[in-house]
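A short worksheet on the structure shown next.
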Amino acid sequence: MRKTIIAGNWKMYKTISEAIELVNALKRELFKLDGDDIDIVLCPPFTALSNVFETLAESNMQLGAQDVFWEEEGAFTGEVSCRMLKDAGCKFVIIGHSERRQYFGETNESVNKKVKAVLKEGLVPIMCVGETIGERERGLTFEVLENHLKGGLKDISAQEAENLVIAYEPVWAIGTGKTATPDQAQEAHKYIRRTLATMYGSELASSIRIQYGGSVKAENISGIMQQEDVDGALVGGASLKTESFAAIVKKASEVIK
Ligand code: PGA
């Protein structure tokens, strides 16, 4: 049994006071859910991490960051280390989001260094993989997924991989309102799990959680979650409002497979 994990990626939204307001409202909406049944993760921008952590205290929600740098410390202006994220209360770190690959030069090599650093610090990486529309149209989806997985997880042992979360995020579905159909999501997730099985064996692959991300809303979460290999969602736009994020979390928690 894989525990459902719903994460909100706030991207570059929310000042500290806006972040606190959202967290307090989510606490009121979601307090009945049991944190033993579902991981609810909030990933605010760096500036709000610490305040969100304080506001989350004793709730059923956990904290995540949107990126990290792999070095432990040093003269790296503008960067933040894994230890700093842990110190701010983070348990999860999103790595290799397509926006970072597209706008900030993230590559499989840098993703790999970040995943290693995050695991070493005892944090959970949420490693993003996914194809562009052009790649899908050219029939390259599986190839891209395999490349992202094998590149991002290079030299990572089975023991380390146990703590991994993968997010399948087709780039064409991110922020576009175009969600993958449940069948398209399942097809990609199944392929990801099969690839993980070739790398780590089927037992471990069957324990790794794979989230779907890309225009997830309250209206489409149930159909996606019902798919065998979908274990949760990484939610962007719809995680910025109490009503939509709370509805997604509640609906996801109701899906029993
Ligand atoms: P979206 O973003 O839900 O706004 O499509 C998802 C993501 O980028 O993680």
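Tell me, which residue of segment 206-228 that is open to solvent by 40 Å² or more (accessible area, probe 1.4 Å) and within 13 Å of the ligand (Cβ to nearest atom) is nearest to the chain's Cα centre (by Cα)?
Lys217
Here are some conditions: (1) surrounded by fewer than 18 Cβ atoms within 10 Å (Cβ to Cβ); (2) within 16 Å of the ligand (Cβ to nearest atom); (3) of a type in the set (Lys, Arg). Lys190 meets all but one. Which one does it not meet?
Unmet condition: (2).
I'd like to check something: does segment 161-170 contain any residue that is at pLDDT 95 or above and open to solvent by 30 Å² or more (accessible area, probe 1.4 Å)?
No, segment 161-170 has no match at all.
Does segment 80-94 contain at least one residue that is in a helix (DSSP H, G or I), open to solvent by less than 80 Å² (accessible area, probe 1.4 Å), without any contact (Cβ under 8 Å) to a residue 40 or more places away in the chain and basic (Lys, Arg)?
no
If you scan segment 235-246, which residues turn out to be among the hydrophobic types (A, V, I, L, M, F, W, C) and either open to solvent by 10 Å² or more (accessible area, probe 1.4 Å) or farther than 18 Å from Val23 by Cβ (or both)?
Ala238, Leu240
Give Glu58, Glu29 a once-over and let me know the one that is surrounded by fewer than 19 Cβ atoms within 10 Å (Cβ to Cβ), under 23 Å from Lys250 (Cα atoms) and touching a residue at least 40 places away in the same chain (Cβ under 8 Å).
Of Glu58, Glu29, the one residue that is surrounded by fewer than 19 Cβ atoms within 10 Å (Cβ to Cβ), under 23 Å from Lys250 (Cα atoms) and touching a residue at least 40 places away in the same chain (Cβ under 8 Å) is Glu29.
What number of residues within segment 95-113 satisfy the criterion of being without any contact (Cβ under 8 Å) to a residue 60 or more places away in the chain, within 14 Å of the ligand (Cβ to nearest atom) and open to solvent by less than 100 Å² (accessible area, probe 1.4 Å)?
5
The values are calculated or read from the model by the stated rules, or taken from the named source; none is laboratory data. Since this is a predicted model, take the numbers as computed values, not measurements. Because the Cβ atoms are built from the backbone with ideal geometry, glycine has one as well, and the counts that use them run over all protein chains shown. To get the accessible areas, we keep the full protein, side chains included, count just its heavy atoms, and leave off ligands, DNA and RNA. Shrake-Rupley method; radii C 1.70, N 1.55, O 1.52, S 1.80 Å.
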